[in-house]
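All remarks here apply to the structure that follows.
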Amino acid sequence: MSASIDPTASPEWEQARAEWYGQTKIELQRLQETVNGAVPGSLNLDTIYAPMHDMAGLAGVLGYPLLGKIARSLIETLRKGANPLDDKMLMVAKAHIAALVALHAKDVRGEGGPAGVAVIAKLASIHA
């Protein structure tokens, strides 16, 4: 890495972020197609859980903490639900993944400000 004071400002860090961003776009599209095509009782928890767990861990580190919070919220909710996903858990997964796809497409970095808080609150109300 470059010898800068802030490693996240280095070209190597930006390259890692850009690679993750590109891979995440593909993964989110795949997940959205999967959940949108699923019927209750047909989708195993691990299909959604593993990629969301990865996103929850990496998103914040790479400058996307809002995306990470949404992914973490989804995996924490899925842990408490039915496996395979029932109608409620499928609805929760669809909502979270739709939000992630939209925010990712807009390249929303950071916490998202008041709009980010609103998205988190709206998603929380879905699984309340």
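The values are calculated or read from the model by the stated rules, or taken from the named source; none is laboratory data. Everything quoted here is computed from the prediction, not taken from an experiment. Heads up, the Cβs are rebuilt from the backbone with ideal geometry, glycines too, and the neighbour counts pull from every protein chain shown. Just the protein is used for accessible areas: all its heavy atoms, side chains included, with ligands, DNA and RNA removed. Shrake-Rupley method; radii C 1.70, N 1.55, O 1.52, S 1.80 Å.
For R109, the conditions (1) at pLDDT below 95; (2) surrounded by 19 or more Cβ atoms within 10 Å (Cβ to Cβ) all hold with the exception of (2). Among the candidates G41, G22, single out the residue that is small (G, A, S) and in a helix (DSSP H, G or I). When all the criteria are applied, what remains is G22.
Residues that are touching a Pro at 6+ places or on another chain (Cβ under 9 Å) and open to solvent by less than 30 Å² (accessible area, probe 1.4 Å) occur in the stretch 57-68; there is at least one. For L62, the requirement of being at pLDDT 95 or above and not small (G, A, S) is not met. Inclusion of G41 among residues that are open to solvent by 40 Å² or more (accessible area, probe 1.4 Å), among the small types (G, A, S) and farther than 24 Å from P7 by Cα is warranted.
Taking the residues in the stretch 1-33 that are in contact with a Ser or Thr (Cβ under 6 Å, 6 or more places away or on another chain) and either of a type in the set (G, A, S) or surrounded by 11 or more Cβ atoms within 10 Å (Cβ to Cβ) (or both) as candidates, determine which candidate is nearest to N83 (Cα to Cα).
Start the filter on the stretch 1-33 by keeping residues that are in contact with a Ser or Thr (Cβ under 6 Å, 6 or more places away or on another chain), which leaves 1-2, 4, 10.
The next check asks that each one be either of a type in the set (G, A, S) or surrounded by 11 or more Cβ atoms within 10 Å (Cβ to Cβ) (or both); those that pass are 2, 4, 10.
Values: S2: 45, S4: 47, S10: 42 Å.
Only one residue fits best here, namely S10.
Return the residues of the stretch 60-106 that are part of a helix (DSSP H, G or I) and basic (K, R); say none if nothing qualifies. If the condition is that a residue be part of a helix (DSSP H, G or I) and basic (K, R), then K69, R72, R79, K80, K88, K94 are the ones that fit. From the list K80, K88, the lone residue that is under 23 Å from N44 (Cβ atoms), of a type outside the set (A, V, I, L, M) and exposed (fewer than 14 other Cβ atoms within 10 Å of the Cβ) is K80.
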